[in-house]
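Asker: Handing you a structure now.
The values are calculated or read from the model by the stated rules, or taken from the named source; none is laboratory data. Source: prediction; values computed, not measured. Because the Cβ atoms are built from the backbone with ideal geometry, glycine has one as well, and the counts that use them run over all protein chains shown. Only protein heavy atoms, including side chains, enter the accessible area calculation; ligands, DNA and RNA are left aside. Shrake-Rupley method; radii C 1.70, N 1.55, O 1.52, S 1.80 Å.
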Amino acid sequence: MTTFARCFSAILLCSSASLAIAQARTPDPALVARRNATEKELESVAIIERKVMVPMSDGKRMQADVYRPKDTSKKYPIIFSRTPYNFNYWDVDLGAPRDMTMELTAVKRGYAVVEINERGRYFSEGDYDILGPPLSDSDDELNWMGALPWSAGKVGLVGCSSTAEWQLAVASRGNKFLTTFNPQSFGDGVGRVGPYYEQGNWFRGGALQMRFSEWLYDYGFATLDGAPNFPSNMSQENLTAAAKSYNLAAHPPTIDWDTAYRHLPEKDILAAAGAPHSIYDSTTPSGQPAMVLRTPNDPSWTKGGLWNDSMRINIPGLWFMTWYDNSVAPNLAAYNYVRKTADPAVANQQYAVIAPMPHCAYKRASEHTTVGDRDMGDARLDYDALTFGWFDHFLKGEDSPVLDKQPKVKYYTMGSNKWQSSDTWPPESAKPVTYYLSSAGSANSLYGDGKLTTAPEPKDAADQFTYDPMNPVPTPGGGLLGLDHKGGSFDNRSVETRQDVLVYSTGPLAQGMEVTGPVDVTLYVSGDTKDTDFAVKLLDVDADGTAWNIEDNLQRMRYREGYDKPPVWMEKDKVYKVTLQPMQTSNYFAPGHQLRIEISSSSFPHLDRNLNTGGDNVSETKSVVAHNQVHHSKAYPSAITLSVVNK
């Protein structure tokens, strides 16, 4: 089954299996029979039009599949999904239709479904750029849908990951036919918002997230020289027939990414692996600089498909997020921004769901949901009922008992393993509680003397460690890394045995503590190189010592004064105050557990290594070893401030 088929099934709520590349397999007769039966039932209730070529303003055509009820006496609202992934109706490897359950369900409920491939992907014409620019394509597509003779003139967007990330920028354009949207795990579509300059999760604290090179390669985005396609004069009938033999999907050779990520210079990672030039390392089709060469405030980030907080969204939104996504804090910032800036009535029509899952894995929750290695309890939720209830209300104008019961923010608290409700994010009951870093100067590793205390120490006993970019601290779990690196929560004690990891813990808690909302970290640091990084990780330590990672962050020192300002460099042994961008979580630290933070200067391969030279980092092949210090005292009150809910 194609990646898109997995995502689109059951209202585009993906399982983590959707992140695996479809491989050729021996056909399963039972699966083939089920697929054929679903297709036959769909044919009995729907008018099906596949490989419809929709013209854009510049003459290029985007490929669409359309499914609508057979009753032609009515007009129908449209559930619209646009994707860079392969939604070919035929599973070429299986020799049967792909799973059409979602299309069948939607048609039975009185909806039309339109699926369109982004520009330059599969049967769609033109040149691909990330998030499907130009944005005018969305207007052309929405206007085409609104003008169809059977259309009710109301369109709702749905999708997860890259099938969601384009939605925010499109929602800001005010198209008259676009009525509502349901973005799921959409962080790669969030550019700049508030203090976050992640630019579609490309950065974290100014460091590059390494997974993009893998994503571009493994999903066939790594080419600027065109993709195979059919002649422009080929008929719809012949395109539909040809799709049973050719799905135009890329099948690149397998790469050892653990080795590939270590290649220097970083800008040549894909080329060294044998990939063709792409938007990663070459000028994009729209004339913007290669993505790997951009800085967090490069003006090109505002010229593609990314949304930013200068773009007002004023339609109802149902926002789905997860705690172990690529990044959740900018997503919540985007949600809060829309609630603050939309018209009052529309601001009141913004709802959020935050699950304890990895990227797009909402429906993989079970009675004993495991995220990484940690048991999160029963995290199931009826997303299909909620999503259809949402569309019933906003696309059909019907009352929705499901929506009537839905809080503005429904979030899952890990540790206590339960769904909770709030009118706001963070909950109004969340209050700041601060712990200060403390030690006798030897917080190195799990076996050091680092502590978290309720007051700063009177005198500084700085903790020192050596950061060698050629021996970076590994990343166990966390937000999704890539196809070869599993996200989620894992025991981090193996990392904490390293001398280049500082460890600070509260000691066993006498009373439980729920942390729900922003987590702010301020450090006072020094070093002997022109530039370096400081990475922070929040952990929940079980009574048996298991150290579960909750959330993590990093700050590249050159950007400590702001991403919209010129880089600033470090002077040897001078102490600098560094405030990291807020993290976000909801976790209950049970009695007997410890709250812990780790501090290091790397998190690899999640984030790229700072080579410590003060150069551009992506074009360099040489590194410098850094000797870094974290200071903590009344004069240098390094601290973590948590949002604590008392009930």
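Asker: Which residue pairs have Cβ atoms under 9 Å apart, sit 6 or more places apart or on different chains, and have a first residue in the range 204-227 that is modelled with pLDDT under 70 and a second that is assigned to a helix (DSSP H, G or I)?
Answerer: Partner pairs satisfying both residue conditions: Ala222/Ser213; Ala222/Leu216; Ala222/Leu270.
Asker: Here are Leu135, Leu142: which of them is open to solvent by 10 Å² or more (accessible area, probe 1.4 Å) and of a type in the set (A, V, I, L, M)?
Answerer: On the way: Leu142 fails: open to solvent by 10 Å² or more (accessible area, probe 1.4 Å).
Matching residue, one of Leu135, Leu142: Leu135.
Asker: In addition: Taking Ser138, is it touching a residue at least 24 places away in the same chain (Cβ under 8 Å), in a helix (DSSP H, G or I) and small (Gly, Ala, Ser)?
Answerer: yes
Asker: Among (1) crowded, with 24+ Cβ neighbours inside 10 Å; (2) in a helix (DSSP H, G or I); (3) not charged (D, E, K, R), there is one condition Phe181 misses while meeting the rest; what is its number?
Answerer: (2)
Asker: Take the residues of the range 601-621 that are surrounded by fewer than 23 Cβ atoms within 10 Å (Cβ to Cβ) and out of contact with any Leu (no Cβ under 7 Å at 6 or more places or on another chain): which is farthest from Leu523 (Cα to Cα)?
Answerer: Within the range 601-621, the subset surrounded by fewer than 23 Cβ atoms within 10 Å (Cβ to Cβ) is 604, 613-616, 618-621.
Those left that are additionally out of contact with any Leu (no Cβ under 7 Å at 6 or more places or on another chain): 604, 613-616, 619.
Working: Phe604: 21, Thr613: 22, Gly614: 21, Gly615: 24, Asp616: 24, Ser619: 29 Å.
It comes out as Ser619.
Asker: If a residue has to be assigned to a loop (DSSP other than H, G, I, E, B) and open to solvent by less than 40 Å² (accessible area, probe 1.4 Å) to count, how many in the range 624-633 make the cut?
Answerer: Restricting attention to the range 624-633, the residues satisfying the condition of being assigned to a loop (DSSP other than H, G, I, E, B) are 624-625, 632-633.
From the residues that got through so far, the ones that are open to solvent by less than 40 Å² (accessible area, probe 1.4 Å) too are 632-633.
Here the count works out to 2.
Asker: Pick out, from the range 363-462, the strands (runs of 3 or more DSSP E) lying fully within it that include 1 or more residues that are open to solvent by 60 Å² or more (accessible area, probe 1.4 Å), in contact with a Pro (Cβ under 6 Å, 6 or more places away or on another chain) and of a type in the set (Ser, Thr, Tyr). So that I can check it myself, show each step before the final result.
Answerer: Values: elements: 409-413, 418-422, 430-438, 451-453.
Per the criteria, 418-422.
Asker: Of the residues in the range 559-605, how many are touching a residue at least 60 places away in the same chain (Cβ under 8 Å) and either of a type in the set (Ser, Thr, Tyr) or touching a His at 6+ places or on another chain (Cβ under 8 Å) (or both)? Steps first, please.
Answerer: Just the residues of the range 559-605 that are touching a residue at least 60 places away in the same chain (Cβ under 8 Å), to begin with: 559, 563-564, 575, 580-605.
If we keep only those that are either of a type in the set (Ser, Thr, Tyr) or touching a His at 6+ places or on another chain (Cβ under 8 Å) (or both) as well, we get 559, 563, 575, 585-586, 588, 600-603, 605.
Counting residues in the range 559-605 that are touching a residue at least 60 places away in the same chain (Cβ under 8 Å) and either of a type in the set (Ser, Thr, Tyr) or touching a His at 6+ places or on another chain (Cβ under 8 Å) (or both) gives 11.
Asker: Moving on. If I ask for residues that are open to solvent by less than 10 Å² (accessible area, probe 1.4 Å) and part of a loop (DSSP other than H, G, I, E, B), which ones from the range 309-324 would you list?
Answerer: Result: Ile313, single match.
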